[in-house]
Amino acid sequence: MDQDALTIALGGLAREIGEPCFHHRLLELVGNLLPHEMGWIVRYRPGCDPDVLHTKAIDAALVEYYLQTKPAAGDPYLCSWRGNSLPRVETLDAALPQAIDRNFYAFDFKKRAEFTDELALFLPVPGTACISLFLERRERMFASDELDRLRRVFPAMLDFHHAHIRSLFGRLSMAIADCHSIEDSAVVVLDRAGRSVFTTPGWKKLGERDRWVGKLAQASSRADISEMVLQAPSFLRSLALDEANPVAPGGVVLYVAGASDEADGSSVRAARDVADQLTPRERDIMLLTLDGLSTGAIAQQLNIAKGSIKNCRLRMYRKLGVSSERAMISAMMPFTRQLRARLEDERSAR
C-alpha cells in the first residue's frame with residue numbers, strides 16, 4: 001500500500017469513528033498493510049474470560065474450542081497483556097514465552113487453527129481492558145520490514161481508536177447525562193456478567209449512602225441487572241449496550257436521572273410537543289438516537305437503508321429547528337428522559 005492509498009484508507013477509517021464496525025474496518029486496514037488469511041478481534045479484561053467480538057475466516061468450532069480451553073493460561077497474548085498493558089504491536093515470538101502453558105498454543109492451538117505466524121495489536125479501552133486485533137498467516141512468516149511498516153503507522157491507528165472510544169462515551173453522555181458529562185454524573189458500566197467495567201466518582205459516592213447500589217454486585221447476568229433496576233429507586237435508569245460495543249459488549253449502563261426532572265412539568269410538555277411533530281418512523285429514529293445507537297445500528301434495527309435514516313433526520317432537523325444530530329440531541333437534553341419515556345409508550349401502543 002503506497003502513501004496515497006494509506007491516506008485514503010485512514011480517511012475511510014475516520015468516517016467509521018463512533019460506528020459499530022470501526023474495529024472491523026481497522027482490521028481491514030491492517031490487512032491492506034500486511035496481507036493475511038485469518039483474523040480475530042478479541043476484548044481482554046483482568047479476571048474475565050476474553051470476548052471474541054469478530055472473526056475473519058475462522059470456524060465457529062475453533063472459537064468455541066479457544067474459549068473452553070482456559071485462555072487465561074494458554075493464550076500467550078492474554079498473559080503478555082496482563083503483564084504489560086501498554087498499547088503496542090506484539091509478535092507471536094514475543095508473546096509465547098509469557099504463556100503459563102506455552103505448549104498448548106505452540107503445538108495444539110496453532111495446529112488446529114492452521115496458521116504459521118500471528119501478531120496482535122493491543123488497543124486499551126477504559127476499565128483496564130483492551131481490544132486486541134489478531135492477524136494470522138497460513139504459510140508465510142511476517143517479515144521484519146512488514147512489522148516496521150506496521151509499527152510506523154500504529155500511532156495513527158491508536159489515535160483513531162482513542163477517538164472512537166471518546167465518541168462512544170460522548171454519545172452516552174448525550175443520551176443519559178442531561179446537560180453534564182458522564183464524569184460529572186452517577187454512572188456505572190457493567191459487562192454482560194454484571195461486573196463493573198467503568199465507574200464515575202458520582203456513582204461511588206452514591207454507593208456510600210445507598211445500600212441498594214451494593215446489591216448490584218450480586219448480579220450475574222443482564223437479566224439479573226434488569227430485575228434489580230425494577231426494584232431500585234425510581235431515579236435509576238438503564239441503557240443496554242450492543243454486542244459490538246468495545247467497552248462492555250452486551251453490557252448495560254446504569255445512571256441516575258436528574259432529580260429536578262421528576263417534578264418538572266414543563267419537561268413533560270416539551271417532550272409531548274416534540275413527539276407530536278414527528279411521524280412514527282421519525283419517533284423510532286429519535287428514540288434509538290437518544291439510546292446512543294449509531295446510524296448503521298439504527299438502520300439495522302429498523303431494517304431500512306442508512307440513506308433512509310439520513311433523509312428522515314433531515315426532515316426532523318427542519319421540524320425541530322436544528323441543523324445536525326448533535327444539535328438535535330443537545331436541544332433534547334433538558335427533557336431527554338421524558339421524551340424517551342413518551343416515545344417508548346407510543347411505540348408500545350402501536
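The values are calculated or read from the model by the stated rules, or taken from the named source; none is laboratory data. If you're wondering where the values come from, they're calculated on a predicted model, not measured in any experiment. Positions of Cβ are generated from backbone atoms using ideal geometry, with glycine treated the same way; all protein chains shown enter the neighbour counts.
Scan the stretch 304-324 residue by residue and report those that are more than 16 Å from Ser294 (Cα to Cα) and either free of Cβ contacts under 8 Å to residues at least 24 places away in the same chain or assigned to a loop (DSSP other than H, G, I, E, B) (or both). Write out each step before concluding.
Step one: list which residues in the stretch 304-324 are more than 16 Å from Ser294 (Cα to Cα), which gives 315-323.
Listed by number, the residues that qualify are Tyr317, Arg318, Gly321, Val322, Ser323.
Looking at (1) more than 23 Å from Ile165 (Cβ to Cβ); (2) at pLDDT below 95; (3) touching a strand residue (DSSP E or B) at 6+ places or on another chain (Cβ under 8 Å), which is the only condition Asp2 fails?
Against the list (1) more than 23 Å from Ile165 (Cβ to Cβ); (2) at pLDDT below 95; (3) touching a strand residue (DSSP E or B) at 6+ places or on another chain (Cβ under 8 Å), Asp2 comes up short only on (3).
Inspect the stretch 6-16 for any residue being closer than 20 Å to Pro126 by Cα and outside the structural domain of Asn245 (by TED's automatic domain parsing) and give the result as yes or no. Break it down into steps so the answer makes sense when it comes.
Of the stretch 6-16, the ones closer than 20 Å to Pro126 by Cα are 16.
After this cut, where a residue has to be outside the structural domain of Asn245 (by TED's automatic domain parsing) as well, the list is 16.
Taking every residue of the stretch 6-16 in turn, at least one turns out to be closer than 20 Å to Pro126 by Cα and outside the structural domain of Asn245 (by TED's automatic domain parsing).
Mind checking which residues of the stretch 266-281 are buried (at least 18 other Cβ atoms within 10 Å of the Cβ) and either at pLDDT 90 or above or within 25 Å of the chain's Cα centre (by Cα) (or both)?
Result: Val274, Ala275, Leu278.
Mind checking which strands (runs of 3 or more DSSP E) fall wholly inside the stretch 40-130 and carry at least 3 residues that are within 28 Å of Asp242 (Cα to Cα) and under 19 Å from the mean Cα position of the chain (by Cα)? I'd like the intermediate steps shown before the answer.
Working: elements: 51-56, 88-91, 117-125.
Qualifying strands (runs of 3 or more DSSP E): 51-56, 117-125.
Restricting attention to the stretch 148-174, and to residues there that are surrounded by 15 or more Cβ atoms within 10 Å (Cβ to Cβ) and over 17 Å from Arg25 (Cα atoms), which single residue is farthest from the chain's Cα centre (by Cα)?
Out of the qualifying residues, it is Arg149.
For Ala61, only one of the following conditions fails: (1) surrounded by fewer than 13 Cβ atoms within 10 Å (Cβ to Cβ); (2) more than 20 Å from His24 (Cα to Cα); (3) in contact (Cβ under 8 Å) with a residue 60 or more places away in the chain. What is its number?
Here Ala61 clears every test but (3).
Residues that are out of contact with any helix residue (DSSP H, G or I) (no Cβ under 6 Å at 6 or more places or on another chain), within 27 Å of Ser221 (Cα to Cα) and surrounded by 19 or more Cβ atoms within 10 Å (Cβ to Cβ): does the stretch 300-317 have at least one?
Scanning the stretch 300-317, I find no residue that is out of contact with any helix residue (DSSP H, G or I) (no Cβ under 6 Å at 6 or more places or on another chain), within 27 Å of Ser221 (Cα to Cα) and surrounded by 19 or more Cβ atoms within 10 Å (Cβ to Cβ), so the answer is no.
Does Ala129 count as farther than 21 Å from His161 by Cα and at pLDDT below 95?
No: the conditions fail for Ala129.
Of the residues in the stretch 25-51, how many are under 23 Å from Ser80 (Cα atoms) and either in contact with a Pro (Cβ under 8 Å, 6 or more places away or on another chain) or of a type outside the set (Gly, Ala, Ser) (or both)?
Residues that pass the stated criteria total 17.
Taking the stretch 196-222 on its own, how many of its residues are without any contact (Cβ under 8 Å) to a residue 24 or more places away in the chain, surrounded by fewer than 18 Cβ atoms within 10 Å (Cβ to Cβ) and in a loop (DSSP other than H, G, I, E, B)?
1
Looking only at the stretch 65-82, decide whether some residue is closer than 30 Å to Phe169 by Cα and touching a Gly at 6+ places or on another chain (Cβ under 6 Å).
No.
In the stretch 325-350, what residues are part of a loop (DSSP other than H, G, I, E, B) and surrounded by 20 or more Cβ atoms within 10 Å (Cβ to Cβ)?
Once the filter is applied, which keeps residues that are part of a loop (DSSP other than H, G, I, E, B) and surrounded by 20 or more Cβ atoms within 10 Å (Cβ to Cβ), the stretch 325-350 yields nothing.
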